[in-house]
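Inspection log for the structure reproduced underneath, given as structure tokens.
The values are calculated or read from the model by the stated rules, or taken from the named source; none is laboratory data. Keep in mind that what you see is a predicted model, and the values were worked out from it rather than measured. With ideal geometry, Cβ positions are generated from the backbone for all residues, glycine too; neighbour counts draw on all protein chains shown. Side chains are part of the model used for accessible areas, which takes the heavy atoms of the whole protein and leaves out ligands, DNA and RNA. Shrake-Rupley method; radii C 1.70, N 1.55, O 1.52, S 1.80 Å.
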Amino acid sequence: MKLRIGQTIWARGFVIGTLALISLVGTAATASAQVTVGGHVGFVIPWVTHAGGQTTSIADNFQIGFPIGVTFKGQGRMALDLEMVPSISDKPRAVALTVDPGVVWGLPHGIGIGLRAAFDVNSSQFGFIPLVNKSWEFKEPKGLFKQFFIEADLPVKFNRPTGGTSTNAVTFATHFGLGF
């Protein structure tokens, strides 16, 4: 019987001590790092592409993409941007999806520079996308959108089809959109 009473007292002491420790940790000052979540929507137009020794323009093959992204930003200048771009092309008529996560560094005056990885879904293409953007805040934002922006992109993609000819494409594109 003495053993059970001792175990009960020890167990109660352990539980009370654990609860006290949890309450002390819970009331301690938390780190002030805040992560904000935002995003963007818009459209992108690839104006000129050089691939496989040939240069084509929007006049040769009209394409348009509709990027949508989610952005995670901490207190520093760097943001993690997770973007997907469904796109439509005319010749050959096709719909594609590019997943392109990346990082963007904020500079003064609403300018940002960044780099994305690019993965074309159900394709043998992959690559990277350096970018520069400029954003302007709405003076009196009403609703969801807080800013509008323009971005210059330079996608570099490597096409490595199984049993086919490898090509490297370089494109100049502009992305227009709204940020939230």
Item to complete: Calculate, in nm to one decimal, what residue 54 and residue 16 gain on full extension: separation in residues at 0.36 nm each, minus their alpha carbon distance.
Response: 6.2 nm
Practice prompt. Rounded to whole Hz and in sequence order, give me ³J(HN,Hα) for segment 127-144 from the Karplus expression 6.51 cos²θ - 1.76 cosθ + 1.60, θ = phi - 60°, writing x for Gly and Pro.
Written response: x, 9, 9, x, 8, 9, 9, 9, 10, 10, 6, 5, 5, 10, x, 10, x, 6
Practice prompt. Would you pull out the residues with amide H under 5 Å of residue 39's amide H, same chain only if 5 or more places away, H placed 1.01 Å from N?
Written response: 71, 180
Worksheet item: Near residue 70, within a Cβ-to-Cβ distance under 10 Å, what is the net charge of the other residues, with Lys and Arg +1 and Asp and Glu -1?
Response: -2
Worksheet item: Cα to Cα, under 20 Å, and not fewer than 8 places away if on the same chain: which aspartates and glutamates meet these conditions relative to residue 91?
Response: 60, 120
Item to complete: Could you rank 171, 36 by how accessible they are, 1.4 Å probe, largest area first?
Response: 36, 171
Worksheet item: Straight-line reach from residue 157: which lysines have Cα under 17 Å away, leaving out those fewer than 8 places along the same chain?
Response: none
Practice prompt. State whether segment 23-177 is rounded, prolate or oblate according to the following rule on the C-alpha gyration tensor (a ≥ b ≥ c being the square roots of its eigenvalues): a/c under 1.5 gives rounded; otherwise a/b larger than b/c gives prolate, and the remaining case gives oblate.
Written response: prolate
Discussion item. Could you report segment 38-180's accessible area per residue, 1.4 Å probe, as an integer in Å²?
Written reply: 59 Å²
Item to complete: Could you let me know the centre-to-centre spacing of segment 79-119 and segment 50-68, using Cα atoms, in angstrom?
Response: 15 Å
